[in-house]
Amino acid sequence: MPWFRLFACGEDFPVIIDNNTEVVGFYTTRYIEAPTQGEAEALCSELLFEDEDLQPPPGDWSDFQPRIMFEEVTQVAEPLDIDDNFSFFPMEEDPDIKGLLMAKKFPVTIYHNPKCGTSRNVLEMIEAAGHKPEVIEYLKIGWTKKQLKEFFAAAGFTPRESMHSNAPEAESLLNEKVSDAKILDAMVDHPILVNRPIVVTPKGARLARPKERVEEIL
């Protein structure tokens, strides 16, 4: 059965290097014994994807699509005794890869109303800072009481302070005698009552009004 020497190039592999998560490409040479060149490439790809040095860190990395290409495949009489290590190179120069990696290292979530100018401006500021935020249109999916309590506690606001007082649904809640508990119940029933946008990062949560407040947690 013939031997093949395969010069392989990989791209977009999330790996751990020196205790840091990086997205890398690599070059490596492998010798594979197989009946045909096509089978040698398939077997080499399988072995590389299973290599312990190319395994992703814990977590969901499904946004990344690692790929392997063979830049040179040559049939040889016998394999040489060579170093089969990887020569890694960074992929972060690709803006899409850089954004995806940043989203894993520093996740950003914005609870967004696309009809609101402030919310749109805050989303643009987040993206301009290099982040790929998770965008949740809260008017479509609504809120839970537990979720709102956690947001308000993290942001340092009361339900009343976080209320969109110009919304028609707020009219009956403007009286100072109305309790926070009642306002919270109304926010669950009418998501529009929650002022926007709310942004959550590993540094905390903010009701980003004015929009510059988002910079405190990026």
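The values are calculated or read from the model by the stated rules, or taken from the named source; none is laboratory data. Keep in mind it's a predicted model, so treat the numbers as computed, not measured. Positions of Cβ are generated from backbone atoms using ideal geometry, with glycine treated the same way; all protein chains shown enter the neighbour counts. When the accessible area is computed, the model is the full protein with side chains, heavy atoms only, and any ligands, DNA or RNA have been set aside. Shrake-Rupley method; radii C 1.70, N 1.55, O 1.52, S 1.80 Å.
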Query raised in the report: By the scheme Lys and Arg +1, Asp and Glu -1, what is the net charge of all other residues having a beta-carbon under 12 Å from that of LEU193?
Result: -1
Report task. Could you tell me the largest-minus-smallest coordinate of the C-alpha atoms of the stretch 1-153 on each of the three principal axes, in descending order and whole angstroms? Result -> 69, 29, 27
Query raised in the report: LYS146: which lysines have alpha carbons under 16 Å from its alpha carbon, excluding same-chain residues fewer than 8 sequence positions away?
Result: LYS182
Report summary line: Of the residues LEU47, HIS190, ASN121, the Cα lying farthest along the dipole of the chain towards its positive end, which is defined by charges on the beta carbon of Lys, Arg, Asp and Glu, belongs to HIS190
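May I ask for the longest run of the chain untouched by trypsin sites (Lys or Arg not before Pro) that are loop-located per DSSP and have at most 13 neighbouring C-beta atoms (other than their own) within 10 Å?
1-114
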Query - P(r), alpha carbons of the stretch 98-218 - 5 Å bins starting at zero, rounded % - result: 2, 12, 23, 23, 19, 11, 6, 3, 1, 0
Report summary line: If every Lys and Arg gets +1 and every Asp and Glu gets -1 at its Cβ, then about the Cα centre the chain yields a dipole, in debye to the nearest 20, of 2120
Query raised in the report: When the accessible area of the stretch 98-218 is split by element with a 1.4 Å probe, what percent falls to carbon and sulfur?
Result: 51
Query raised in the report: So what's the back-of-envelope 222 nm ellipticity for the chain, counting only DSSP H runs of four-plus at -39500 (n - 2.57) apiece and dividing by all residues, rounded to 500?
Result: -8500 deg cm²/dmol
Query - Net +/- balance of residues flanking GLU216 in space, Cβ distance below 14 Å, scoring K and R +1, D and E -1 - result: +3
Report task. State the percentage of accessible surface on the stretch 32-91 attributable to carbon and sulfur atoms; use a 1.4 Å probe and exclude ligands, DNA and RNA. Result -> 47
**Report entry** 5 angstrom amide H check on VAL194, placed H, neighbours 5+ away
**Finding:** HIS164
Report task. Note down the relative contact order for the chain as a percent, whole number, built from C-alpha pairs under 8 angstrom at least six residues apart. Result -> 19
Report summary line: Within the under-15-Å Cβ sphere about LEU80, not counting LEU80, Lys/Arg +1 and Asp/Glu -1 give a net charge of -4
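Which whole-number value in Å² is the accessible area per residue of the chain, probe 1.4 Å?
Values: 12260 Å² over 218 residues.
It amounts to 56 Å² per residue over the chain.
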